[in-house]
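The values are calculated or read from the model by the stated rules, or taken from the named source; none is laboratory data. On a predicted model such as this, the values are computed, not experimentally measured, just so you know. Methodologically, a virtual Cβ is constructed for each residue, glycine included, from the backbone with ideal geometry; neighbour enumeration extends over all protein chains shown.
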């Protein structure tokens with residue numbers, strides 16, 4: 001069987017991007033799925049199927065490095081397009097509006113657990129555990145969505161969450177393929193047991209971690225400064241890999257302070273890092289606040305040094 005063809009077809013399907021709007025339900029549809037269906041595990045089966053096809057391809061093909069790099073390039077092109085067009089901002093919907101297809105789909109499945117606009121406005125007590133992450137996402141982004149004064153704003157929030165889940169699925173597959181690509185030159189894929197390949201986020205479970213007394217967004221912004229100002233470098237030949245390897249390093253080695261002031265493993269920094277690069281006013285305001293906090297620390301240390309200098313003069 002032509003496993004390479006099947007793998008490519010599956011990845012091509014994953015990378016397709018289409019937004020529709022149902023004039024019947026006044027709701028968005030992303031890649032054939034209603035936006036209220038998007039949750040963290042939505043793409044799990046599809047990603048696992050791609051991994052299985054990839055394993056078969058690598059066991060029966062040559063030029064593994066070149067092949068894997070081509071797949072990585074395809075996925076990065078989609079991720080880069082989403083980031084360049086501010087996928088986590090209402091600006092993205094405005095940018096993409098002319099391509100949104102209008103349809104009259106009337107086969108939407110309405111479950112009792114669906115997070116409706118009415119339930120959301122009543123607060124967390126009305127939200128099922130299954131929709132808690134979605135509720136938190138919407139609550140956090142209320143500032144850039146007009147505080148959800150209308151159901152139109154709410155549906156836009158659902159769409160932005162769906163796009164974020166979609167992008168994260170591509171990121172996860174990218175990380176997996178990248179971890180294979182790093183050692184492709186030295187791997188005998190015909191005899192390689194892929195079951196022994198640990199997921200990216202568990203590779204260094206036993207390594208010593210460092211605790212940050214900062215929230216996750218502050219850490220994301222701090223490392224954005226360090227990487228963009230070339231203070232730290234992980235990969236000098238590729239800008240994206242430099243950023244990707246930095247995120248992995250942070251995820252492996254650091255914890256952040258959660259709302260209960262407990263140190264929690266970072267595990268994933270993608271969403272926060274995207275927000276700390278966003279140019280949407282709400283996110284820029286947050287960046288300025290974090291920037292000011294960091295400056296206050298540096299200025300205090302500078303003043304302390306000046307006082308020492310004056311005492312010695």
Practice item. Using the structure shown, decide if residue 45 is at pLDDT below 95 and either more than 14 Å from residue 158 (Cα to Cα) or within 19 Å of the chain's Cα centre (by Cα) (or both). Key: yes
Point to revise | residue 309 in a helix (DSSP H, G or I) and touching a helix residue (DSSP H, G or I) at 6+ places or on another chain (Cβ under 9 Å) | key: no
Review point. Just checking, which of 53, 30, 62, 58 is free of Cβ contacts under 8 Å to residues at least 60 places away in the same chain and surrounded by 18 or more Cβ atoms within 10 Å (Cβ to Cβ)?
Key: 53
Check your understanding: Any residue at all in the stretch 16-39 that is in the same structural domain as residue 190 (by TED's automatic domain parsing), closer than 12 Å to residue 170 by Cβ and out of contact with any strand residue (DSSP E or B) (no Cβ under 9 Å at 6 or more places or on another chain)?
Key -> yes
Review point. Which residues, counting only those in the stretch 75-89, are at pLDDT 90 or above and crowded, with 16+ Cβ neighbours inside 10 Å?
Key: 75, 78, 82
Review point. Going by the conditions given, is residue 105 within 26 Å of residue 16 (Cα to Cα) and at pLDDT 90 or above?
Key: no
Point to revise | Of all residues making up the stretch 54-65, the number that are over 12 Å from residue 177 (Cα atoms) and touching a helix residue (DSSP H, G or I) at 6+ places or on another chain (Cβ under 9 Å) | key: 5
**Study point:** Exclusive hit being touching a helix residue (DSSP H, G or I) at 6+ places or on another chain (Cβ under 7 Å) and farther than 30 Å from residue 117 by Cα, set 3, 38
**Key:** 3
**Study point:** Which numbered condition residue 198 misses (of (1) closer than 27 Å to residue 80 by Cα; (2) outside any loop (DSSP other than H, G, I, E, B); (3) at pLDDT below 95)
**Key:** (2)
Review point. Quick check: is even one residue across the stretch 145-152 closer than 25 Å to residue 71 by Cα and surrounded by 15 or more Cβ atoms within 10 Å (Cβ to Cβ)?
Key: no
Exercise for review: Scan the stretch 259-276 residue by residue and report those that are without any contact (Cβ under 8 Å) to a residue 60 or more places away in the chain and surrounded by 13 or more Cβ atoms within 10 Å (Cβ to Cβ).
Suggested key: 263, 264, 265, 266, 269, 272, 273, 276
